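Here's the structure, in structure tokens; my notes come after.
Nothing in this text is a laboratory measurement; each read-out follows from the coordinates by a stated rule. Here the structure is a predicted model, which means the values were calculated and not measured. In this analysis, Cβ positions are derived from the backbone assuming ideal geometry, glycine residues included, and neighbour counts consider all displayed protein chains.
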Amino acid sequence: MNGPVWAVVQQKDGRLQRSGRETIAAAQALARELGTSAEAVLLGDGLAAAGEELKGMALAGARVVEHPRLATYTPGGYVAALVPLVREERPAYVLFPHTYQTVDFMARLAQALDAGLLPEAIAFRRVDGEVRWTRPVLGGKLHAQVRTVGEGTVLVSLQSGAFPADGVEAGSAPLRQVAAAVDGVDLQREVRGFESAGGGAVDLSKAEVIVAVGRGVGGQEKLAPVEELARLLGGELAASRPVVDSGWLPRERQVGSSGQTVAPKLYLALGISGAIQHLVGMKGATAVVAINKDASAPIFKIATWGVAGDLHEIVPALNQALKERAGGA
Amino acid sequence: MKIAVCVKQVPDPEARLRVGADGAWIDEEGVAFVLNESDEYAVEEALRIAERTGGEVIAFGLGPERTREALRKVLALGASRAVLLSDPALLGGDALATGRALAAAIRQEGADLVLTGSASSDLGYAATGSVIAGELGWPHAWLVMGVELAEDRRSVRITREMEGGMNELSAVVLPAVIQVQAGINHPRYASLKGIMAAKKKEIREVAAAELGVDAGRLGRAGSRLETVSVALPVSGREVEWIAGDAAAVAAALVTKLEQEAKVLR
Ligand SMILES: Cc1cc2nc3c(=O)[nH]c(=O)nc-3n(C[C@H](O)[C@H](O)[C@H](O)COP(=O)(O)OP(=O)(O)OC[C@H]3O[C@@H](n4cnc5c(N)ncnc54)[C@H](O)[C@@H]3O)c2cc1C
């Protein structure tokens, strides 16, 4: 008999986070597959409203781990709160959303429990009686099938959007308050506050057309044709992270998991490979044009129209064609 | 201050990748390898802290023999010496096994601060640094976009990226492991003098047996993950290819934008 499958979730503004609902949907699906039960652990402070939400889900149990010291995330606090629970109940899998916060503490939790660590899964399937996980590798150019070996709990984080939140099965869950063993523990970090990362001056979320450039543009001095294209289309200029890290465009124009989330009618991805951290920021676009000289680049997996070619040849030609059209040609 | 920086060699992001004969990883034949992107930023940050404090930087690399090139590059940038962990018994591990080996090697050298990149661009576990911290019993912070050493050198103030365009401002007590995010600084280029000097700097090899860790907890043997296969991703949506010379592609795109995307006025 397999141990249960757990989903560790959090709340934001009194609601379960979307990523948490996705995690619960995945836990339910995996538990069904393994013939075991799905349970949730809600971690934080001020959890009454989010707890009510859990009550309406098909879960064998929902533990609420509430403590003022968990109001602000710290790796020491979160690990200390989870270790005794996992040790006592020995779940087969503990699922987390693959958020920046989870990544920060999940390895430390695995070490404290001597558990397995499987970050950033996007799917699972049962093959020959064992679970095979899919995770992107090499910037999403390939997908790896991974199995776990050895005994004991495995901690898995799930990439955002991999398991849709609306897949949560409704039902009823018995809620249980569990003591959080965090009094006096070393939080491992003194959080002094939060600040804006410097974005915000440009709001890309309202743009109808976005012309985005990636590392493939090759340098700041090569941006002029791309800027002209954005102007001709009445669109906003955006960038992948390496373009911003290199100082070619400001941070406020970055799209992706550590930048803005956009949903234009048209997104042009020029010299962008299509790593998952970029895709999460733009997959809501209605139509995507991708221009990349590597026809196997993952960006083409989500593109509507694809051009396997050199952006430095295509973009000037496109500008020319747009100007001719505007000129009444 | 003695600063350890851990680096990995990864396939050039520009490289065309083919699945290897065993189906479980890429065919490395003909693939160029480079220093992992966020590691470059970690190296620069380490050098800056060392320069400010009059300290030294020691580079650690775990990987096959070719990892020596990556270490040589870090030495050319200004690290004083390097430690190479290329023993086959240390390779093929998950983040837990790899971090365990690196932590053991760092413990032998001693360090006040360990810097790593935030994630490797090949396996992307984004965990090796925090595992090192766990093994050493030190605090850590992942995805760091700012590091400032306190006056008394007992702690560092860090700026840590969060989702949604926010940063966490916090402090961790030293010794600690800081996992540096790309973009934290502007990495320098190696000078000719640096490249020449690097040729004489020491790269010390450490074998698995010298680490004082149970062999069953290192490398592939100590790993809880096993990659069964790798393959091109499958997608639900089929891309419509537009081919031809630049002018033909441009004309076809204009038609798509006008009639289907309806974004041209
Ligand atoms: C925690 C974390 C957060 C991150 N957040 C973000 C984020 O918010 N946004 C983001 O974008 N990334 C983010 N990343 C980085 C991400 O993982 C990728 O490294 C990044 O998206 C790659 O950017 P790119 O596609 O521009 O570069 P590359 O992956 O290097 O791709 C460049 C592409 O350009 C193509 N190319 C080269 N020359 C030409 C040419 N002349 N014409 C046409 N094509 C050409 C190449 O074939 C290649 O496909 C994050 C990473 C981490 C670890």
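Here are the numbers for the structure shown:
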read-out: From B:120, B:80, residue being of a type in the set (Gly, Ala, Ser) and either more than 15 Å from the chain's Cα centre (by Cα) or more than 15 Å from residue B:63 (Cβ to Cβ) (or both); value: B:80
read-out: Tally of residues being more than 9 Å from chain B (Cβ to nearest Cβ), within 12 Å of the ligand (Cβ to nearest atom) and not in a loop (DSSP other than H, G, I, E, B) across the stretch A:236-251; value: 3
read-out: The lone exception for residue A:285 - which of (1) over 20 Å from the mean Cα position of the chain (by Cα); (2) away from the ligand (no atom under 13 Å from the Cβ); (3) of a type in the set (A, V, I, L, M) it fails; value: (1)
read-out: The stretch A:181-208, subset outside any loop (DSSP other than H, G, I, E, B) and more than 7 Å from every other protein chain (Cβ to nearest Cβ), residue farthest from residue A:78 (Cα to Cα); value: A:206
read-out: Number of the exception - residue A:315 against (1) out of contact with any strand residue (DSSP E or B) (no Cβ under 6 Å at 6 or more places or on another chain); (2) assigned to a helix (DSSP H, G or I); (3) under 17 Å from residue B:238 (Cα atoms); value: (3)
read-out: Verdict on residue B:78 being within 16 Å of the ligand (Cβ to nearest atom) and surrounded by fewer than 24 Cβ atoms within 10 Å (Cβ to Cβ); value: no
read-out: Residue satisfying all of: in the stretch A:252-274; near the ligand (Cβ under 7 Å from one of its atoms) and more than 8 Å from chain B (Cβ to nearest Cβ); surrounded by the fewest Cβ atoms within 10 Å (Cβ to Cβ) among these; value: A:256
read-out: Counted residues, the stretch A:275-292 - those being of a type in the set (D, E, K, R) and buried (at least 23 other Cβ atoms within 10 Å of the Cβ); value: 0
read-out: Wholly enclosed strands (runs of 3 or more DSSP E) of the stretch B:163-265 bearing at least 2 residues more than 9 Å from chain A (Cβ to nearest Cβ) and buried (at least 20 other Cβ atoms within 10 Å of the Cβ); value: B:176-180
read-out: Check on residue A:33, under 19 Å from residue A:117 (Cβ atoms) and either surrounded by fewer than 24 Cβ atoms within 10 Å (Cβ to Cβ) or out of contact with any Phe, Trp or Tyr (no Cβ under 8 Å at 6 or more places or on another chain) (or both); value: no
